[in-house]
Structures are given as structure tokens and as C-alpha cells.
Amino acid sequence: MAQDLIAPSILSADFARLGEEVDNVLAAGADIVHFDVMDNHYVPNLTIGPLVCEALRKHGVTAPIDVHLMVKPVDRIVADFAAAGATYITFHPEASEHIDRTLQLIRNEGCRGGLVFNPATPLTYLEYVIDKLDMILLMSVNPGFGGQSFIPSALDKLRQVRQMIDASGREIRLEIDGGVKVDNIAEIKAAGADTFVSGSGIFGHRRAEDPNRYDTIIKQMRAALAGVNR
């Protein structure tokens, strides 16, 4: 069984001191840095690009960086993020003209690749490319903004994808993103997820006067996950 990984989404961090924020959540026990890239085209928001990813690496961040591309087209920017230090690069199938080619491009650049499915995106793409995936990310909100509420139908979708991964016999991480908090993370794990993106659910507990401000919330998430036998 894959290790449970907690992936704080820096979309909800304090960008005025992003390096410090990332250092603090990793020191508090987080595993992966989730990096949301929005282009004001595929989604109605504009966030950050490869230079910020590179800056985090130069700052000294050695943890895996999980780059979620909400951009269209995809291929042009893959090499830039690979050079900037991305570990995983995931993208939405609707944003690529040739999904198989984009996945090959990500791997050729030395990164692990994955597909992202919006709440209403069908899973049929997996029938053709599951052998090329290192990660499957299910959105439990509609992409574009942080702080949204978890969409319950994502649980059924998680169960379907978990069955597909198990049947494939491959080591593919199953990630969930959107509205993940202490009070629902156990139910999400029970449905099949092993990688948990949380933005406001973690960074929303920011208290500038407390240097250990993220320890408590991440420990609570770990305890909730430990209580689930999948």
C-alpha cells in the first residue's frame, strides 16, 4: 500500500514570504509541494510560473514539487517547468491536443507525468494511457480558485480510479485536490486516495506569531489518515 502523502497547495500561502511558508509546512511534516499553475485561459485565474518553481529550488526546497498545469496549450511550458525543478507535472486532458504525446514529453524531460480530471470529466482517457501515468489527480472542486468546498461525488470517482489502478498492477499515485480538510480526509482516503492536496485547509491556519503554526493541523491530518485501513 502506498504511503499517504500530504501536499500543501501554495496557492493559499503568503506569497510575500513564500520560501518561509514552504519551509514551515515541510518542517511540520508535509511531503510534497503542490504548485498550481493557472493561465487565465483554461481557467479564470492567473497564478505563478516556472520562475517561482526555480526560486523555491534555489531557496533550498528539496521536497518533491508537484506541478498542476491548468493551462492551454500544455506542451510549450513542460520543458520550462522541468528545467525549473518540477518532480511531477500533471495536466488536464482537455488542454492537450495529443495526450499521449504530452505524457511522453513530460517523461522525456525527466519528470513524472499525470492526468487531472475535473469533476465532470469522464475517466475514459485512462483506458488508453494508464501505462504512461505516474499520478492521477482528481479535482474535488472546479479548478480556478482556492478555498472551495469539496464536491461529494468525487468519492465515487476515487473508488472507480482506485479499482483501475489496482487492476493495472502499476504504481500510480491517486491524488485528490479541493476542499480537503481534517474533517473529511479520512473519508477521502477510504475511497482510495493516497496523496492529499490541501490549500486553505493547511495555510488557513496561519498565525504569524506562532512559528509552529502548521504542526497541529498536519498532525491532525496524519492522525485521521492513520485511523483508516484501506
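Nothing in this text is a laboratory measurement; each read-out follows from the coordinates by a stated rule. Since the model is a prediction, treat every value here as computed from it, not as a measurement. Ideal geometry is used to build each Cβ from the backbone, glycine not excepted, and the neighbour counts take in all protein chains shown.
Conditions tested, residue by residue: (1) more than 14 Å from the chain's Cα centre (by Cα); (2) closer than 23 Å to Ala16 by Cα; (3) not aliphatic (A, V, I, L, M).
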{"position": "Asn45", "(1), (2), (3)": "yes, yes, yes"}
{"position": "Gly60", "(1), (2), (3)": "yes, yes, yes"}
{"position": "Asp66", "(1), (2), (3)": "no, yes, yes"}
{"position": "Pro73", "(1), (2), (3)": "yes, no, yes"}
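The residues of the range 13-25 that are under 19 Å from Thr87 (Cβ atoms), surrounded by 19 or more Cβ atoms within 10 Å (Cβ to Cβ) and out of contact with any strand residue (DSSP E or B) (no Cβ under 7 Å at 6 or more places or on another chain), listed by number, are Ala13, Glu21. Restricted to the range 42-54, and to residues there that are part of a helix (DSSP H, G or I) and among the aliphatic types (A, V, I, L, M), the residue that is surrounded by the fewest Cβ atoms within 10 Å (Cβ to Cβ) is Leu51.
Is at least one residue of the range 3-12 among the aliphatic types (A, V, I, L, M), surrounded by fewer than 21 Cβ atoms within 10 Å (Cβ to Cβ) and more than 12 Å from the chain's Cα centre (by Cα)? No; the residues of the range 3-12 include none that is among the aliphatic types (A, V, I, L, M), surrounded by fewer than 21 Cβ atoms within 10 Å (Cβ to Cβ) and more than 12 Å from the chain's Cα centre (by Cα).
Suppose the filter is on the phi > 0 side of the Ramachandran plot and surrounded by fewer than 19 Cβ atoms within 10 Å (Cβ to Cβ); does Gly169 pass it? Considered against the rule, which asks whether it is on the phi > 0 side of the Ramachandran plot and surrounded by fewer than 19 Cβ atoms within 10 Å (Cβ to Cβ), Gly169 comes out as yes.
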